[in-house]
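The values are calculated or read from the model by the stated rules, or taken from the named source; none is laboratory data. None of these values were measured; they are calculated from a predicted model. Here Cβ is always computed from backbone atoms with ideal geometry, including for glycine, and neighbour counts include all displayed protein chains. Surface accessibility is based on the protein's heavy atoms, side chains included, excluding ligands, DNA and RNA. Shrake-Rupley method; radii C 1.70, N 1.55, O 1.52, S 1.80 Å.
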Amino acid sequence: MVAQVCTQPRARVALLHLDATQPVVLEGPAAVIWDLIDGQRSEQDIFAELEATFEDRSGQMQTQVGGFLASLEAQRLIEAARGASN
């Protein structure tokens, strides 16, 4: 289970897996990504929405988004969808 506290407007989000000892604070694009994680959007959908909002000057946004989502999963803040049918 994950506890969440947000500032208003949602510029910062603090997350804490209830088995963890330290919260994770997300700001800027990381907070935007968190808001896009809704159990309906795929990683590609999230990337497409970010690409429409933020300029990808480095050409690394998709790799960075994938790494960030993997980091959230490793911290048990999200779970990857399993067995989804196409």
Inset, instruction - For every helix of n ≥ 4 consecutive DSSP H residues, a contribution of -39,500 (n - 2.57) applies; sum these over the chain, divide by its total residues, and give [θ] at 222 nm rounded to the nearest 500 deg cm²/dmol. - result: -11500 deg cm²/dmol
Inset, instruction - Heavy atoms only, probe 1.4 Å: what % of the accessible area of the chain goes to carbon and sulfur, would you let me know? - result: 50
Inset, instruction - Report the relative contact order of the chain, percent, no decimals, based on alpha-carbon pairs under 8 angstrom and at least 6 residues apart. - result: 21
Legend entry - Total formal charge among the other residues, if their Cβ is under 15 angstrom from that of VAL2, Lys/Arg +1 and Asp/Glu -1: -4
Inset, instruction - With a point put 7 Å past each Cα toward its Cβ, work out how far ALA14 is from GLU49 in nm, to one decimal. - result: 2.5
Inset, instruction - Pop a pseudo-label 7 angstrom from the Cα along the beta-carbon direction at both MET1 and THR21 and give the gap in nm to one decimal. - result: 2.2
Legend entry - log10 of Debye I(q)/I(0), alpha-carbon scatterers only, for the range 3-86 at 0.11, 0.17, 0.27 Å⁻¹: -0.31, -0.74, -1.48
Inset, instruction - Roll a 1.4 Å probe over the protein chains and send me the accessible area per residue for the chain in Å². - result: 70
Inset, instruction - Place +1 on the Cβ of every Lys and Arg and -1 on the Cβ of every Asp and Glu in the chain, take the dipole about the Cα centre, and give the residue among LEU26, GLN44, MET61 whose Cα lies farthest towards its positive end. - result: LEU26
